[in-house]
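The values are calculated or read from the model by the stated rules, or taken from the named source; none is laboratory data. Computed from a prediction, not measured in an experiment: that's the story for all the values here. FYI the Cβ positions are ideal-geometry reconstructions off the backbone, even for glycines, and counts take in every protein chain you see.
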Amino acid sequence: MKFNDAVFGIFLIIFAIAEIAYTRTFPSLHGQRFGASDFPVLIGVGFIICGCLLLFSAYRKRAVATDEAPSEPNLLSLRGWAEKRPSVINFFVVLLCILFFIGFVDVLGFVIVAFLLLLVLFYRLGNGLVTSLLGALLMTVITKMLFGVWLLVPLPIGPLGI
């Protein structure tokens, strides 16, 4: 599946404008030059720049299109992607993993669900079993440490208490 770069560019610009407008409603800190909205506004400006670059890229690709190198799709092209069975299966595996995470993270806990999903995704997307096990374990530990310990994000605990 391939979207035209202009579609993503327009989406990024609209999203950035909405995000900047929303963050301007954050209260300012008394006596501070910087407030809670400064960093989100900076990210929004970056999104606008990226959106403009994507629009320019789509325009340039369409302008130099030849018979050997056709232009970008009008809005969306499923050519190539939908014809390959493994790609379609991978698409649905990722969707099922997202639904599994939403449905079971509060019951089983973040560590168990993240490990299982990463294991399935690593293995399904072409890694060996040992590499998938090690990668899933390493990424789960890093994510738990980063968000659960250092950033103090309350991740669901689960039945094992981890």
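Say whether the condition of being outside the structural domain of residue 24 (by TED's automatic domain parsing), exposed (fewer than 12 other Cβ atoms within 10 Å of the Cβ) and modelled with pLDDT of 80 or more is met by at least one residue in region 111-125.
For region 111-125, residues outside the structural domain of residue 24 (by TED's automatic domain parsing), exposed (fewer than 12 other Cβ atoms within 10 Å of the Cβ) and modelled with pLDDT of 80 or more: absent.
From the set of residues in region 47-65 that are loosely packed, with under 15 Cβ neighbours inside 10 Å, assigned to a helix (DSSP H, G or I) and of a type outside the set (Lys, Arg), which is modelled with the lowest pLDDT?
Per the criteria, the residue is 63.
Within region 1-46, count every residue that is assigned to a helix (DSSP H, G or I) and touching a Ser or Thr at 6+ places or on another chain (Cβ under 6 Å). First the steps, then the outcome.
Step one: list which residues in region 1-46 are assigned to a helix (DSSP H, G or I), which gives 5-23, 38-46.
Now narrow it down to the ones that are touching a Ser or Thr at 6+ places or on another chain (Cβ under 6 Å): 5, 23, 40-41.
Within region 1-46, residues that are assigned to a helix (DSSP H, G or I) and touching a Ser or Thr at 6+ places or on another chain (Cβ under 6 Å) number 4.
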